[in-house]
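Please read the structure below before turning to the comments.
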Amino acid sequence: MREFLDGLKELARIEQLLVKNGLNSMKLECTMRILQQLQVMRYKYRSPLVPFTSVDKTHQMRPVNGEYDGHIPQCSVSRCGFACCDVGTSGLNTIKLTKGELDKTKLSTTHLTVIENLGDSGCRATCNNGCENGKGCAPDTGRNNLSGYKPNDCDDYPWFRNLNIGKIEMWISDEKCPLPATAKLTHLPGVLEHFRRDVETDSNSTRSYEGAIGEMVDYKKFDPIDLEKLDPDDIKIIFEAGVHHAITKEWRTISVLTDDSPESDIQEYERRLRKKMEQALKIVHLRDGIRYSHLQY
């Protein structure tokens, strides 16, 4: 437990980058309120700092969700020990599955154990994979090298979907996820688009997520009021600042941990961050910013 994420310092650096890139006055105020809402101010890492952890998530693509693949590049370098995957057999932390969700996949589900059937609301499950030291739900020798199915709940994390009398709500993990605010915000458009598609095409999803937050713990409701005031160009500036900050942070970390300069690794990490940003921005432009009013069921 030697390392800490200091959210206040990270937010201060992001604010400087936003000003430098031309976001100021009222929109800067709105942006910082959003980022403060998404940032855990101080997070104790579960393991010492280590350089890049390779996580195979290529099988987790969601083709039904347009070009957005759900992958969060920062998870490979967050060094939290994949805290979100701590959903073992104790049942203290569980995965939300919609009704019939497991019936739709052709991937292995042997790593998932249903512990409570909630009828039309779906079920609660635990996972015995524990991210397999960073392999995620990837091919695992303990499961005959089968790729494991990654539930929507895990794919959306640290966001959680909820319907409140038919109105879409997004809730955010509070203290468990150490990702920087810009990483969480970049992930939001794809999660929203996926949720919108589901409630329009799958009645089981609609029933399963109505009041679903009541079964979950350690989430807080995300307030989109300030987000509504930003246009796609503002969002692009925020995402660009996030990429710049993430790359700078990794260069600092690598320089402390090793004498080598793995430039190719950093370049690949930046490529993944920019791909993620481009995917999110396509959705943002499609929805005229991120307008929750467009996404209400």
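Below are the figures for this structure:
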| item | result |
| --- | --- |
| Hz values of 3J(HN,Hα) by residue in region 271-283 - Karplus curve (6.51, -1.76, 1.60), Gly and Pro given as x | 4, 5, 4, 6, 5, 4, 4, 4, 4, 5, 5, 4, 5 |
| Region 169-259 shape via C-alpha gyration tensor axes, a/c threshold 1.5 | prolate |
| Residue 229 paired with residue 29, simple spin-label distance in nm, labels 7 Å along Cα-to-beta-carbon | 0.6 |
| Residues of type lysines that residue 236 reaches as a straight line, Cα spacing below 16 Å, ignoring anything fewer than 8 places off in the same chain | 20, 27, 184, 275, 276, 282 |
| Under 5 Å, built H, 5+ apart or other chain: amide partners of residue 115 | 124, 125, 126 |
| About the Cα centre, charge dipole magnitude for region 215-297 (Lys/Arg +1, Asp/Glu -1 at Cβ), debye | 280 |
| Sequence ranges 206-218, 183-195, 158-170, ranked by mean other-Cβ count within 10 angstrom, highest first | 183-195, 158-170, 206-218 |
| Nearest-0.05 FRET efficiency for residue 272 and residue 104, computed from C-beta distance (R0 35 Å) | 0.80 |
| Computed FRET value (nearest 0.05) for residue 220 with residue 252, which takes r as the C-beta separation and R₀ as 30 Å | 0.50 |
| Sequence of 220, 282 once ranked by neighbouring C-beta atoms within 10 Å, starting from the fewest | 220, 282 |
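Read-outs: derived from the displayed coordinates by stated rules, not from any lab. Model, not experiment: these values are computed from the prediction. Cβ atoms come from the backbone with ideal geometry, glycine included; neighbour counts cover every protein chain shown.
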